[in-house]
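> Could you have a look at this structure, given as structure tokens, before my questions?
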Amino acid sequence: MGETGELRFRRGEDGRTLDYEHFVDRGIVRNDYLGTLPSTLKNQDIRVEFTTAEGEAKAYLIRKYLDADIQKDIWDMLVVRDGELKTKIARIGTKGRNYAESQIIRSGNEASRSDSAGGATESASTPRGDNGT
């Protein structure tokens, strides 16, 4: 997200903002938990920020809720790219936890590449005690 803390909704091909309609037309789970979007945005339990290999700022904002009606955890995740909300995903129970974990782990594959063609050119220092001196 930008330094001002502003968040933009993504835009469709026609240039119009994709607002809540985007979040309710996909699946029942997304629709059922649409109301958690503001709380997840402001009070996330987990926040993973990184820079993609293309130089874009990307963040996963994750919050765990309890659905008292079904007595299961709900894992709510927002995906933000360069200050623009790309999507909101809600998953129930273990499936939700596993999905959140997989996205965090996969973020390492999306992050800027270290010391590789087309990636970052900075190398880490030699591990302590193995510097040949």
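The values are calculated or read from the model by the stated rules, or taken from the named source; none is laboratory data. The model shown is predicted, which means the values in this text are computed figures rather than measured ones. A quick note on method: Cβ atoms are made from the backbone with ideal geometry, for glycine too, and the neighbour counts reach across all protein chains shown. Side chains are part of the model used for accessible areas, which takes the heavy atoms of the whole protein and leaves out ligands, DNA and RNA. Shrake-Rupley method; radii C 1.70, N 1.55, O 1.52, S 1.80 Å.
> Quick one: VAL24 ticks every box in (1) modelled with pLDDT of 85 or more; (2) open to solvent by less than 70 Å² (accessible area, probe 1.4 Å) bar one, so which box is it?
Only one criterion is unmet by VAL24, namely (1).
> Looking only at region 50-86, count how many residues are open to solvent by less than 50 Å² (accessible area, probe 1.4 Å) and not in a loop (DSSP other than H, G, I, E, B).
Total meeting the criteria: 19.
> Right, here's the next one. Take ASN98 and decide whether it is exposed (fewer than 13 other Cβ atoms within 10 Å of the Cβ), assigned to a helix (DSSP H, G or I) and modelled with pLDDT under 80.
It is false that ASN98 is exposed (fewer than 13 other Cβ atoms within 10 Å of the Cβ), assigned to a helix (DSSP H, G or I) and modelled with pLDDT under 80.
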